[in-house]
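Working notes for the structure below.
The values are calculated or read from the model by the stated rules, or taken from the named source; none is laboratory data. Remember, predicted model here, so these are calculated numbers, not experimental data. Glycine gets a Cβ as well: all are built from the backbone with ideal geometry, and neighbour counts include every protein chain shown.
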Amino acid sequence: MINSCQNITPGQSLTNSQKNGLDLVARLSGGRDVVLAIDLTESVGLNDEGRIRLRQIVQDSLSPGDSVYVVPFATTVNPLKPDINTLTPEKAIKFHGQQDIDQIINVIPFQPNLNLQNTDIQRAELFIYQNLAQLNQCRLGENQPIKPQSIVWITDAPLLTKAGITNDIWVETPLDSPFRLANSAESIARQTWLEKLPIKQRDRVIKTDNNKQYQLTVIDIAPTVQEFCTPAPGEKETCLVNPYLVKQLWLPALISGILLIALVVTGIKFYRVQKKWQLIVDFLDTEKEDDKICSLGNNQRIAIGEYDSNCVDSIDTPGSEIRAYLVRKGEKLYIDPTGEATIFLNGQEITKKTLISSSSYRINCPDTKRKKDFEITIKIKK
């Protein structure tokens, strides 16, 4: 643990936007801190049920990316043994998958230590909650993604009690423990952390072989850090959380923005492609301004000349042949001559498939029998 994040203390309250930002950082990075906090006194001897439930947690609840800490506790200073994982990143067991289950199970103390008789539960709580907060604070200082955190408590001692703990609440707290005093520095620190961290609790009572009972309690802590805002020269203020969120989320925000723009553009294009066009046809030989309105969808065509069952509509011209087709492909319209009779587009004879680039155009279909031109104008309304 680096010096810059040691001795962490509770900070200022976070805004809802900061909480949401920290939650997003944790979700994008994945992984959790999971502490298995196990009471080593004789009153909590893990019977078959306890072993099954603890193995079940390890097998079914851990996900790749989790960091696991096994922290046994009793009267002595936590952690009890130097070979058991402490709450530091260096000592975490990295869970990558089922192959790591045995490694975690092997360091869990399933048997109680008969030399230990008392459990200073409030000391254990302060140690674990403060060190978990320090883990995330270190990540903040190093610009690393923070994590949600969970503690699996296995103990018959009461958890989350008020500051100060008397015999009628928990008799096993050592007589010389500062946690017996509600106004001791240790009690106040523990109570402050319990109030500061976003904690949710779930319990399961387990009976022991000698007909006593203890609780398997899961405490979940939402991803959080401690905010410290300090006045700075030049009528400014320096804070920790917002600059951290900017560093963590600018790239995901940029990618999300690009994807959103691409999605909008794609949606607009899809809508425009699927929307049917109206072709307003005006036969210049008639007195009506608009003689026919045709509807044309994507990948559909209209016959110019005789009726064609493969077309959605037709535009009548002199003669019994089909002179050309109006073919729509996406947002483009083509005129495709059949070669059966002459046809002109805007004064130019069309002999091959030609793109119509304007929204209003003129088609001439010469009438050889009457020896005159048969002209129509078509306006496209998209």
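Step by step: first the residues of region 201-247, then only those that are in contact (Cβ under 8 Å) with a residue 60 or more places away in the chain, among the hydroxyl-bearing types (Ser, Thr, Tyr) and under 30 Å from residue 26 (Cβ atoms), then the one that is surrounded by the most Cβ atoms within 10 Å (Cβ to Cβ). Which residue is that?
Per the criteria, the residue is 224.
For every residue, the table says whether it meets (1) closer than 12 Å to residue 126 by Cβ; (2) free of Cβ contacts under 8 Å to residues at least 40 places away in the same chain; (3) surrounded by 13 or more Cβ atoms within 10 Å (Cβ to Cβ); (4) touching a strand residue (DSSP E or B) at 6+ places or on another chain (Cβ under 7 Å).
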{"position": "167", "(1), (2), (3), (4)": "no, yes, no, no"}
{"position": "171", "(1), (2), (3), (4)": "no, yes, no, no"}
{"position": "177", "(1), (2), (3), (4)": "yes, no, yes, no"}
{"position": "180", "(1), (2), (3), (4)": "no, yes, yes, no"}
{"position": "184", "(1), (2), (3), (4)": "yes, yes, yes, no"}
{"position": "196", "(1), (2), (3), (4)": "no, no, yes, no"}
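For residue 216, which of the numbered conditions (1) out of contact with any Leu (no Cβ under 6 Å at 6 or more places or on another chain); (2) modelled with pLDDT of 95 or more fails to hold?
It fails just one condition, (2).
Restricting attention to region 320-337, does a residue exist that is surrounded by fewer than 18 Cβ atoms within 10 Å (Cβ to Cβ) and under 15 Å from residue 352 (Cβ atoms)? Reasoning before the result, please.
Of the residues in region 320-337, the ones surrounded by fewer than 18 Cβ atoms within 10 Å (Cβ to Cβ) are 320-321, 329-332, 334, 336.
So of that shortlist, the ones also under 15 Å from residue 352 (Cβ atoms) come out as 334, 336.
Yes, region 320-337 has at least one match.
Mind telling me which of the residues 122, 99 ends up being outside any loop (DSSP other than H, G, I, E, B) and more than 30 Å from the chain's Cα centre (by Cα)?
Details: 99 fails: more than 30 Å from the chain's Cα centre (by Cα).
On inspection, the qualifying residue turns out to be 122.
If we only count strands (runs of 3 or more DSSP E) wholly inside region 128-232, which ones have 2 or more residues that are within 26 Å of the chain's Cα centre (by Cα)? Give the steps one after another, and end with the answer.
Working: elements: 149-155, 199-207, 213-221, 230-232.
Correct list: 149-155, 199-207, 213-221.
Right, residue 132: in contact with a Leu (Cβ under 9 Å, 6 or more places away or on another chain), modelled with pLDDT under 90 and within 30 Å of residue 175 (Cα to Cα) or not? Don't jump to the end; show me each part of the working.
Numbers: in contact with a Leu (Cβ under 9 Å, 6 or more places away or on another chain): yes; modelled with pLDDT under 90: no; within 30 Å of residue 175 (Cα to Cα): yes.
In short, no.
Scanning for something in contact (Cβ under 8 Å) with a residue 40 or more places away in the chain and either assigned to a helix (DSSP H, G or I) or loosely packed, with under 15 Cβ neighbours inside 10 Å (or both), does region 255-264 turn up at least one residue? If you could, list the steps in order and put the result at the bottom.
As a first pass, look at region 255-264 and keep what is in contact (Cβ under 8 Å) with a residue 40 or more places away in the chain: none.
Among the residues of region 255-264, not one is in contact (Cβ under 8 Å) with a residue 40 or more places away in the chain and either assigned to a helix (DSSP H, G or I) or loosely packed, with under 15 Cβ neighbours inside 10 Å (or both), which makes the answer no.
Return the only residue of 217, 266, 230 being among the polar types (S, T, N, Q) and in the same structural domain as residue 148 (by TED's automatic domain parsing). Walk me through it before giving the result.
Working: 266 fails: in the same structural domain as residue 148 (by TED's automatic domain parsing); 230 fails: in the same structural domain as residue 148 (by TED's automatic domain parsing).
After ruling out the rest, the residue left standing is 217.
Got a number for residues in region 347-376 being at pLDDT 90 or above and surrounded by fewer than 14 Cβ atoms within 10 Å (Cβ to Cβ)?
Count: 11.
Hey, any hits in region 107-114 for a residue that's at pLDDT below 95 and part of a helix (DSSP H, G or I)? Give the steps one after another, and end with the answer.
Taking region 107-114 and keeping what is at pLDDT below 95, we get 107-114.
Those still in the list that are part of a helix (DSSP H, G or I) too: 107.
Among the residues of region 107-114, at least one is at pLDDT below 95 and part of a helix (DSSP H, G or I), which makes the answer yes.
Quick grid of which residues meet (1) under 30 Å from residue 12 (Cβ atoms); (2) of a type in the set (Ser, Thr, Tyr); (3) out of contact with any Lys or Arg (no Cβ under 7 Å at 6 or more places or on another chain):
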{"site": "223", "(1), (2), (3)": "yes, no, no"}
{"site": "245", "(1), (2), (3)": "yes, no, yes"}
{"site": "251", "(1), (2), (3)": "yes, no, yes"}
{"site": "278", "(1), (2), (3)": "no, no, no"}
{"site": "297", "(1), (2), (3)": "no, no, no"}
